[in-house]
1. Of the conditions (1) surrounded by fewer than 18 Cβ atoms within 10 Å (Cβ to Cβ); (2) closer than 23 Å to B:LYS91 by Cβ; (3) among the hydroxyl-bearing types (Ser, Thr, Tyr), B:SER196 satisfies every one except a single condition; which number is it?
2. I'd like to check something: does the stretch B:90-99 contain any residue that is in the same structural domain as B:ASP184 (by TED's automatic domain parsing), free of Cβ contacts under 8 Å to residues at least 60 places away in the same chain and on the phi > 0 side of the Ramachandran plot?
3. Looking at this structure, is B:GLU29 in a strand (DSSP E or B), touching a Ser or Thr at 6+ places or on another chain (Cβ under 9 Å), surrounded by fewer than 24 Cβ atoms within 10 Å (Cβ to Cβ) and touching a residue at least 12 places away in the same chain (Cβ under 8 Å)?
4. State whether the residues of the stretch B:172-179 include one that is more than 11 Å from B:ALA84 (Cα to Cα), at the interface with another protein chain (Cβ under 10 Å from one of its Cβ atoms) and touching a strand residue (DSSP E or B) at 6+ places or on another chain (Cβ under 7 Å).
5. How about the stretch B:174-184: which of its residues are outside any strand (DSSP E or B) and either buried (at least 24 other Cβ atoms within 10 Å of the Cβ) or free of Cβ contacts under 8 Å to residues at least 60 places away in the same chain (or both)?
6. Which of (1) at pLDDT below 80; (2) closer than 30 Å to B:LEU324 by Cβ; (3) more than 7 Å from every other protein chain (Cβ to nearest Cβ) is the odd one out, the single condition A:ASP24 does not satisfy?
7. So which residues in the stretch B:32-55 are without any contact (Cβ under 8 Å) to a residue 12 or more places away in the chain and of a type in the set (Gly, Ala, Ser)?
8. Report whether or not B:GLU352 is acidic (Asp, Glu), part of a helix (DSSP H, G or I) and either under 18 Å from B:SER163 (Cα atoms) or modelled with pLDDT of 95 or more (or both).
Amino acid sequence: MVEEIEREAEKVLRELSQVLGEVDLEETYYVVEEINVTRNDENPDLDNEFIEISKKNAPRVDEEGYFITEVGRWVE
Amino acid sequence: MGGINAVQRTSTYLEKVEEKDPEINSFIEINPKAIKEAKQVDEGKRKGRLAGLVVGVKSNINVKGLRATCASKTLENYISPYDATVIERVKAEGGVIIGMTNMDEFACGSSGETSYFGETNNPAALGRIPGGSSSGSAAAVAAGFCDVALGSDTGGSIRNPSSHCGVVGLKPTYGLVPRYGLIDLAMSLDQIGPISRDVYTLALMLEVIAGYNPKEATTLKVSKKEYSKHLNSDISGYKIGVAKEFEKVTDPRIMKIIKKSLKVLESRGAEIKEIFLPNLEKGLPTYYLCVFVEFFSATRKFDGRRYGYRIEEVCGKEVLRRILLGKYISQKEYSGKYYKRALQFRSLIKEELLKALEGVDVIVGPTVPKLPHKLGTEIEDPLVMYGYDLLTVPANLAGIPAGVIKSGEVGGVPVGLQIQAKPLDEQKILNVMFALENS
């Protein structure tokens, strides 16, 4: 399936970009005009249930409750 | 909701879901605590504006203790460890969450067919697609499985299924509703919004979920509005913009229905004005080129280490296509050629829409340019499927609000009217919808 999609990819991109011509404008990266970048410092609220559920979601957890992660095959 | 027995109401909905949802497939998971939550409402332990209202939630919004699957095998067993801001607000106002609704996988779709949990049927036109990606939310509302549902809209995902299923839906102004707890498709475009059967409930849910949240950097610091209290069907004097360009790209059978609704609005005292949107058709490629890149970035956390499976190993074809396209565009040799140009066109479309809105109160037109296809129809070319989004993506690119209400039917298939307005002008959209509802 990956090869098939890769073959299609250039065609999709070519057709999409063909509809667009050229335009001389600044890019809109994000709706940043009203962005809120500050927040009050507060003590974090620790929800034990959050930790318990997150452990259940983890593919592997050791006896002490630590997540076991591994280096993915794709970066080895 | 005074006098309403929440347990009875919830039980009735649950029985209906059990009996009829196997045909519709609008829910992925039912909340086992729904009756308990309803009981708390009846006992007066949970009060508020939504007390006793039964709410469906799209499966990409976190509800603590329920699965947020994004309708993908990637997250099929992922249990939400916290509530999204919108869910905290719904719960605080006494809403009873009935369950998590079906959707296109990771919101990548406009038909409701790409879910790992199976396609959703259209209760208003059985055998046809319900639209997407909030397919389950719209279908559940249309089928009468809940009072109101939450969906998310990145390029039309609330409005498209609302149109196909004949219900009302609204995509709010970007930043009005916090996205905290929404699993993103494209973070610069995503917005959470309501879907319901009537405009009052839609307005009520919007006022509950809207408002600033310091946890979310893009929420707007605007004062809370009581949309439901200010609903007014008197739209005399409203200037309504209509673009010729809508007609060029839309099925004539749909346009005929839309024109009838425009006559209705005119008869209620609104003035129709012609507006120009010459770059309307450029919205679609602009949108998709942005989405591919943002979606690729958003999916890098699904590496199978802390939860779920590695996305590329288990996802469906459309999700994989978008990941790979995003990856290609993100590669050095492509930068400037596609993404930068898309961002420039995003500026152009935003400017064009805002300029068109300067002279009118709202822009009215069709929601989807074509009728929903029959379930099971083979659509090999992704660009044909993307075509469903042509008229809805501009609102996301510009960050403006847009609502949908049923305008009529073509051969028994609902057709939705889309109403767009200036940023934070949701009240005007709701008033136009209210006027149509009362006509």
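1. The number of the failed condition is (1).
2. Looking for residues that are in the same structural domain as B:ASP184 (by TED's automatic domain parsing), free of Cβ contacts under 8 Å to residues at least 60 places away in the same chain and on the phi > 0 side of the Ramachandran plot, one finds none in the stretch B:90-99, hence no.
3. For B:GLU29, the condition - in a strand (DSSP E or B), touching a Ser or Thr at 6+ places or on another chain (Cβ under 9 Å), surrounded by fewer than 24 Cβ atoms within 10 Å (Cβ to Cβ) and touching a residue at least 12 places away in the same chain (Cβ under 8 Å) - is met.
4. yes
5. B:TYR174, B:GLY175, B:LEU176, B:VAL177, B:PRO178, B:ARG179, B:ILE183
6. (2)
7. B:GLY44
8. yes
The values are calculated or read from the model by the stated rules, or taken from the named source; none is laboratory data. Everything numeric in this text was worked out from a predicted model, so none of it was measured. Reconstructed Cβ throughout: ideal geometry from the backbone, glycine too, with neighbour counts over all protein chains shown.
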